[in-house]
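The values are calculated or read from the model by the stated rules, or taken from the named source; none is laboratory data. Predicted model, so just to flag it, every value in this text is computed and none were measured. Ideal geometry is used to build each Cβ from the backbone, glycine not excepted, and the neighbour counts take in all protein chains shown.
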Amino acid sequence: MASQKVHLRRYAQASSLRHTNKYASRLTAVKCLRLSWFNLLLALFLTALLCHSPAWAADKAPEIPIVFVKGGCFDMGDTFGDGGLDEKPVHRVCVNDFYMGRYVVTQEEWEAVMGSNPSHFKNGGKYPVENVSWNDAQEFVARLRRLSGLKWRLPTEAEWEYAARSGGKKEKFAGTDKESNLDEYAWHEGNSGMKTHPVGEKKPNGLGLYDMSGNVWEWVQDRYDRDYYRQSPADNPKGDPFGVNRIVRGGSAQTGKGFLRLSYRDYLASETRGACFGLRLVLSAK
């Protein structure tokens, strides 16, 4: 599995460049000394407002379809015995109720919030947004929160695996534990043409979630630690607080079937972008 992880990081199109917000030009200094105190305060207020407002701003949040995920406990990790060392030991984990995006975030949803589309495969609004870093995902979440008034976030690694396993079932891939059935549920390098596809074209898993295996990698909130499973708390684990890299899950249209296993973990620097790195959102139920 170590060689697979090296392969993943080699194909990732890393870039240290980050999208920066464009800010409106500052108001010029008040030139007239005869301005009343009211006008002066108004001018200062407008200056501060313009200095902290992006040049482009959405006026309405996109509607993101969600699925209710009833919390519970499950065996997290390499339950099939063919995973890497960082997928061991299998350990009991419990998560609270939450809502998860039925699909990964699409290009039209991203553009509605951010005003741009960073994707490599720009083939339509229903395609998953990709070529986004963990940092980019956090900026998207922050803007979506302001637009919607809802506390959107990335899932924890435990929430992601629990939902991907159709509510904690012993499933190797999202929707099935049989590799022979995988083509019905996922896009991978063997059937995708090495490109992404519109969300929701394959069968969903048992919770009605699409593309949890394949199509695009999904950033989760947690920091990576190879040995975290040895010390993970049982209730709502949130990952190593001191890790440097962030975790991606699910595999993609450009990876082999082994990467699509639901226990497979990989990690990248938070600023890394790549042609198949996307995201899925969640909302806490409480």
- Item | Selection status of residue 211, assigned to a strand (DSSP E or B) and either modelled with pLDDT of 95 or more or within 19 Å of residue 279 (Cα to Cα) (or both) | no
- Flagged pairs (Cβ under 6 angstrom, 6 or more apart or on separate chains; first in region 106-123, touching a residue at least 60 places away in the same chain (Cβ under 8 Å); second acidic (Asp, Glu) and in a helix (DSSP H, G or I)) are none
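Among the residues that make up region 259-270, is at least one of them of a type in the set (A, V, I, L, M), touching a residue at least 60 places away in the same chain (Cβ under 8 Å) and surrounded by fewer than 23 Cβ atoms within 10 Å (Cβ to Cβ)? Outline the logic, then answer.
As a first pass, look at region 259-270 and keep what is of a type in the set (A, V, I, L, M): 260, 262, 268-269.
Now narrow it down to the ones that are touching a residue at least 60 places away in the same chain (Cβ under 8 Å): 260, 262, 268-269.
So of that shortlist, the ones also surrounded by fewer than 23 Cβ atoms within 10 Å (Cβ to Cβ) come out as 269.
Yes: one or more hits.
This table checks each residue for (1) closer than 24 Å to residue 234 by Cα; (2) buried (at least 17 other Cβ atoms within 10 Å of the Cβ); (3) not acidic (Asp, Glu).
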| position | (1), (2), (3) |
| --- | --- |
| 145 | no, no, yes |
| 149 | no, no, yes |
| 158 | yes, yes, yes |
| 184 | no, no, no |
| 190 | no, no, yes |
| 196 | no, yes, yes |
